[in-house]
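**Student:** I have a structure I would like to understand better, so I am pasting it below and will then ask my questions one at a time.
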Amino acid sequence: MMDERGVEQGLLTSVGLILASAAVLFFVFSSFSSLRQSNTAIALESAASEVCGDVETVASMAIPYAAEKHYSYGFDVSICADYVAASSTNITFVRPLAVHIVPGMYFENGSLAWSNTNEMREYLNSSFNATGTPERPIDDDRAAELYGLMDRASRSTLLNPIKLEAGRPLVIEKAFLYTYNGSSHTLEAKSYVFVYQG
């Protein structure tokens, strides 16, 4: 039906409905997109928090302790000296760790120093002539050298993070390294949390 100016009323109504429908569809699709991004952010935060919690639980043990856990995420999760990062295509979530970790597999000067804590003890034996156990503690005069080694190993994860791989367990192990002070005849222990793929 035409009005007095000769404009078709039904045509205007149809165009208006089409534009309104397009606006509603645009709003719905943009909401789904932001919802999908929000769900991804929640999944990343959840993954980083889970791994962080597992590392900190082992670190809180008062005795030497080891745990193995399988993780299966559809995105990248890595562990560095003092944080866990979970990342997807364009989003990364970083969760700080309350403890510093040491890699269970450590390369020094391009050579593999150790790939688990047993090999770490062997490395200490060849480098310090002691394994760092209560039975064979490292001399106190070399304690600073030992702590420097562990600090370098920990910082190496900032450049080479430990990446979680599907199908392989993550080993989280708390170990104590002992030093002996000959003048005071005291045995001192310092704890470290080693993290590596099993």
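**Student:** Give the relative contact order (percent, whole number) for the stretch 27-197; include only Cα pairs under 8 Å separated by 6+ residues.
**Tutor:** 27
**Student:** Please report the relative contact order for the stretch 46-91, taking Cα pairs under 8 Å with a sequence separation of at least 6, and give it as a percent rounded to a whole number.
**Tutor:** Value for the stretch 46-91: 40 percent.
**Student:** I want to check the label-to-label distance for Ile91 and Glu45. Put each point 7 Å from Cα in the C-beta direction and report it in nm to one decimal.
**Tutor:** Each label point lies 7 Å from its Cα, and together they span 0.9 nm.
**Student:** With a bin width of 10 angstrom, please list the P(r) values of the stretch 27-197 as percents of all Cα-Cα pairs, from the 0 bin to the one holding the largest distance.
**Tutor:** For the stretch 27-197, the pair-distance distribution reads 10, 35, 29, 15, 7, 3, 1, 0.
**Student:** Using the alpha-carbon centroid of each, what span in Å lies between the stretch 125-163 and the stretch 50-100?
**Tutor:** Measuring centre to centre over Cα atoms gives 22 Å.
**Student:** Please report, in debye to the nearest 20, how large the charge dipole of the stretch 27-197 is about its Cα centre when each Lys and Arg carries +1 at its beta carbon and each Asp and Glu carries -1 there.
**Tutor:** 440
**Student:** To the nearest 0.05, what FRET efficiency results for Asn109 and Ser38 with a Förster distance of 35 Å applied to their C-beta separation?
**Tutor:** Result of the calculation: an efficiency of 0.20.
**Student:** Then there is this: Ignoring ligands, DNA and RNA, what percent of the accessible area of the stretch 27-197 is carbon or sulfur (1.4 Å)?
**Tutor:** Carbon with sulfur: 51 percent of the solvent-accessible area.
The values are calculated or read from the model by the stated rules, or taken from the named source; none is laboratory data. Just so we're clear, the structure is a prediction, and the values are computed from it rather than from any experiment. Don't worry about glycine lacking a Cβ; one is built from the backbone with ideal geometry, like all the others, and counts go over all protein chains shown. Remember, those area values only see protein heavy atoms, side chains included, never the ligands or the DNA or RNA. Shrake-Rupley method; radii C 1.70, N 1.55, O 1.52, S 1.80 Å.
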